[in-house]
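*Asks:* Would you mind keeping the following structure in view while I ask a few things?
The values are calculated or read from the model by the stated rules, or taken from the named source; none is laboratory data. Bear in mind the structure is a predicted one, so any value in this text is a computation, not a measurement. Every residue, glycine among them, receives a Cβ derived from its backbone with ideal geometry; neighbour counts consider all protein chains shown. Keep in mind that these areas ignore ligands, DNA and RNA; they rest on the heavy atoms of the full protein, side chains included. Shrake-Rupley method; radii C 1.70, N 1.55, O 1.52, S 1.80 Å.
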Amino acid sequence: MANLEALAKAFTGLGVDEKSLIENLGKSHPEHRTLFRKKTPQLFIEDERSFERWNDHCVRLLKHEFVRFKNALVLWAMHPWERDARLVKEALKKGPQSYGVIVEIACTRSSEELLGARKAYHSLFDQSIEEDVATHIHGSERKLLVALVSAYRYEGPKVKEDAAKSDAKVLASAIKNGNKKNPIEDEEVIRILSTRSKAHLKVVYKHYKEVSGNNIHEDLDASDLILKETVECLCTSHAYFSKVLDEAMSSDAHKNTKKGLTRVIVTRADVDMKEIKEEYMNLFGVSLSKKIEEKASGNYRDFLVTLITRDN
């Protein structure tokens, strides 16, 4: 079968190449499909009774790939408040490995956008986000996450330098003494990260480096992931989103990590995609659209590229 390679490729990557599948698989004869099964051991395995059967694990993965385009379209059509509310609910159901999504929504939305998501959560689930977060999360990150989703920050540009310098010293001290008390449980750390304006926190970020010699996220290790993501979302959101996108397109990414590609593009396309694309290029030396074209397939790829190349 001349198009074996194209057919195998249509099943790989993020999404599937529907057009290639229709052209190559739809028009194939039985002997062609037999050859295809024999030549793609990554998809089919030889059964002891002498036939090639689907690899069950591969079938489960393909189900996720076939619905990526549908999920992206559904999320894109949603009201942003509903979309964020549903993303938070899904993250709570999936558990600790997805709590970063809650941080992302709480820390990268405006005060009004976060308030809207909280309203939508009431309508959709007959509960408040704060109540659900407090009920489902029992680890050390609980207080911080409840405070973040409850926040309604000042959105203006005014910053008090003295207060910012003082906050930087508080954060530096808490992180330095993290072996004595986990900084994510420190009341002053929670107060600063959940109540201060983003403009203020960006100045704190600058002063922290003057105090510590490092950026805040550089002083936090892997065990402080939620705290690290909180700082990145509040102070360097475009770099944060760029990293989420790149990790989602890694060939060995976990299925939950891969969802970040859809989530970030759909939620930021109307907001700051231009800045994210610029930061992605700065960090990884390749354009975001080119990377998506390399890693994704079919309608899913085309839809994502359409969203990031729109005029904002």
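*Asks:* Run through all the Cα pairs of the range 154-312 and give the fraction in each 10 Å bin from 0, expressed as whole percent.
*Replies:* Spelled out bin by bin, the range 154-312 gives 10, 35, 28, 21, 6, 0 percent.
*Asks:* Taking H as built 1.01 Å from N, whose amide H comes closer than 5 Å to the amide H of SER197, not counting residues under 5 places away?
*Replies:* Distant-sequence amide H within range of SER197: TYR154.
*Asks:* Based solely on C-alpha atoms, express the radius of gyration and the Dmax of the range 201-258 in angstrom.
*Replies:* 13.1, 39
*Asks:* Additional query: Before rounding to the nearest 500, sum -39500 (n - 2.57) across all DSSP H runs of length at least 4 in the chain and divide by the residue total; then give [θ] at 222 nm in deg cm²/dmol. Working shown, then result.
*Replies:* Numbers: 18 runs with 207 residues, N = 312.
Rounded to the nearest 500, the figure is -20500 deg cm²/dmol.
*Asks:* In square nanometres and to one decimal, what's the mean projected area of the convex hull around the Cα atoms of the range 57-122?
*Replies:* Values: hull surface 20.8 nm².
That works out to 5.2 nm².
*Asks:* For the chain, with only Lys/Arg (+1) and Asp/Glu (-1) charged at the beta-carbon, what is the dipole magnitude about the Cα centre, in debye rounded to 20?
*Replies:* Numbers: 51 positive and 49 negative charges, 55 e Å.
Using Cβ point charges on Lys, Arg, Asp and Glu, the chain gives about 260 debye.
*Asks:* How long are the semi-axes of the equivalent ellipsoid of the range 77-195, defined as square roots of 5 times the Cα gyration tensor eigenvalues? Whole Å, largest first. Kindly include the intermediate steps, with their values, before the conclusion.
*Replies:* Working: eigenvalues 147, 70, 20 Å².
They are 27, 19, 10 Å, listed largest first.
*Asks:* Quick one: pull the percentage of alpha-carbon pairs in the chain with a separation above 32 Å. List each step's numbers first, then the result.
*Replies:* Numbers: 18109 of 48516 pairs.
Percent of Cα pairs beyond 32 Å in the chain: 37.
*Asks:* By how many nm would the segment from LYS176 to THR135 grow when fully extended, if each residue of separation counts as 0.36 nm and the alpha-carbon distance is taken off?
*Replies:* Details: separation 41, 0.36 × 41 = 14.76 nm, distance 3.05 nm.
So the extension gain works out to 11.7 nm.
*Asks:* Provide the per residue accessible area, probe 1.4 Å, for the range 193-251, rounded to a whole number of square angstrom. It would help to have the intermediate numbers written out before the result.
*Replies:* Numbers: 2370 Å² over 59 residues.
I get 40 Å² per residue for the range 193-251.
*Asks:* So how far apart, in nm, are the two label points at ALA77 and SER250 if each is 7 Å from Cα heading toward Cβ?
*Replies:* In this crude label model, ALA77 to SER250 measures out at 3.4 nm.
*Asks:* Exactly which trypsin sites (Lys or Arg not before Pro) in the range 174-234 are in a DSSP loop and have at most 14 other Cβ atoms within 10 Å?
*Replies:* Details: sites: LYS176, LYS180, LYS181, ARG191, ARG196, LYS198, LYS202, LYS206, LYS209, LYS228; in loops: LYS180, LYS181, ARG196.
Taking the range 174-234 and a limit of 14 other Cβ atoms within 10 Å, the loop trypsin sites (Lys or Arg not before Pro) found are LYS180, LYS181.
*Asks:* Now for a different question. Could you size up the charge dipole of the range 186-233 around its Cα centre, putting +1 on the beta carbon of Lys and Arg and -1 on that of Asp and Glu, and report it in debye to the nearest 20?
*Replies:* Numbers: 7 positive and 10 negative charges, 80 e Å.
The calculated dipole for the range 186-233 is roughly 380 debye.
*Asks:* Still on this structure, I have one more. Do any cysteines in the chain lack another Cys Cβ under 4.7 Å, and if so which?
*Replies:* Cysteines of the chain left without a disulfide-compatible partner: CYS58, CYS235.
*Asks:* Between the helical axis of 225-235 and the dominant principal axis of the chain, each derived from Cα atoms, what acute angle in degrees is found, rounded to the nearest 10?
*Replies:* That works out to roughly 70 degrees.
*Asks:* Using amide H atoms built in the peptide plane, which far-off residues or other-chain residues are under 5 Å from PHE44 H to H?
*Replies:* Result for PHE44 returns ASN55.
*Asks:* So, one more: From the protein chains alone at 1.4 Å, what is the descending order of accessible area for HIS217, HIS122, largest first? Before the final figure, lay out the partial values.
*Replies:* Numbers: HIS217 35, HIS122 95 Å².
Result, largest first: HIS122, HIS217.
*Asks:* Here is a follow-up. For the range 122-208, run through the chymotrypsin sites (Phe, Trp or Tyr not before Pro) and keep only the ones in DSSP coil with at most 15 other Cβ atoms within 10 Å of their Cβ.
*Replies:* Numbers: sites: PHE125, TYR152, TYR154, TYR205, TYR208; in loops: TYR152, TYR154.
The qualifying sites are TYR152, TYR154.
*Asks:* When the accessible area of the range 127-258 is split by element with a 1.4 Å probe, what percent falls to carbon and sulfur?
*Replies:* Of the solvent-accessible surface of the range 127-258, carbon and sulfur hold 49 percent.
*Asks:* Now a separate question. Which whole-Hz couplings ³J(HN,Hα) result when phi for each residue of the range 160-168 is put into the Karplus expression 6.51 cos²θ - 1.76 cosθ + 1.60, θ = phi - 60°, listed in order with x for Gly and Pro?
*Replies:* Karplus-based 3J(HN,Hα) across the range 160-168 equals 8, 4, 4, 5, 5, 5, 5, 5, 4 Hz.
*Asks:* What translational diffusion coefficient, in µm²/s and rounded to a whole number, does the Stokes-Einstein relation yield for the range 1-157 at 25 °C and a viscosity of 0.890 mPa s, taking the hydrodynamic radius as the Kirkwood radius over Cα pairs? Walk me through the intermediate numbers first.
*Replies:* Working: Rh = 19.0 Å.
Once the numbers are plugged in, D ends up at 129 µm²/s.
*Asks:* Also: For the range 1-75, which chymotrypsin sites (Phe, Trp or Tyr not before Pro) are both in a DSSP coil and crowded by at most 11 other Cβ atoms within 10 Å?
*Replies:* Details: sites: PHE11, PHE36, PHE44, PHE51, TRP54, PHE66, PHE69; in loops: PHE11, PHE51.
Qualifying residues, ordered by number: PHE51.
*Asks:* Would you please classify the overall shape of the range 232-304 from the alpha carbon gyration tensor, given that a ≥ b ≥ c denote the square roots of the eigenvalues, rounded means a/c under 1.5, and beyond that prolate means a/b larger than b/c while oblate covers the rest?
*Replies:* Cα axes put the range 232-304 in the rounded bin.
*Asks:* Just tell me the longest site-free run in the chain, where the sites are GluC sites (Glu not before Pro) in a DSSP loop having at most 11 other beta-carbon atoms within 10 Å. Let's see the in-between values first.
*Replies:* Details: sites that count: GLU48, GLU155.
The longest such stretch corresponds to 156-312.
*Asks:* Right, here's the next one. Mind listing the long-range amide H neighbours of LEU14? Cut-off is under 5 Å, sequence gap 5 or more, other chains count too, H placed in the peptide plane at 1.01 Å from N.
*Replies:* Here the answer is ALA296, SER297, since their amide H atoms fall under 5 Å of that of LEU14.
*Asks:* Looking at HIS136, SER110, GLY26, which one has the Cα that reaches farthest to the positive end of the dipole of the chain (charges on Cβ: Lys, Arg +1; Asp, Glu -1)?
*Replies:* GLY26
*Asks:* Grab the Cα-Cα distance for PHE284 and LEU61, subtract it from 0.36 nm times how many residues apart they are, and report the gain in nm with one decimal. List each step's numbers first, then the result.
*Replies:* Working: separation 223, 0.36 × 223 = 80.28 nm, distance 2.75 nm.
Extending this stretch completely gives an extra 77.5 nm.
*Asks:* Okay, next question. Past 22 Å, Cα to Cα, is the threshold; run LYS89/LYS255; LYS258/LYS295; LYS181/LYS259; LYS176/LYS258 against it and keep the listed order. Show your work: numbers first, answer last.
*Replies:* Details: LYS89/LYS255 18 Å; LYS258/LYS295 11 Å; LYS181/LYS259 34 Å; LYS176/LYS258 34 Å.
LYS181/LYS259; LYS176/LYS258, as the Cα separations exceed 22 Å there.
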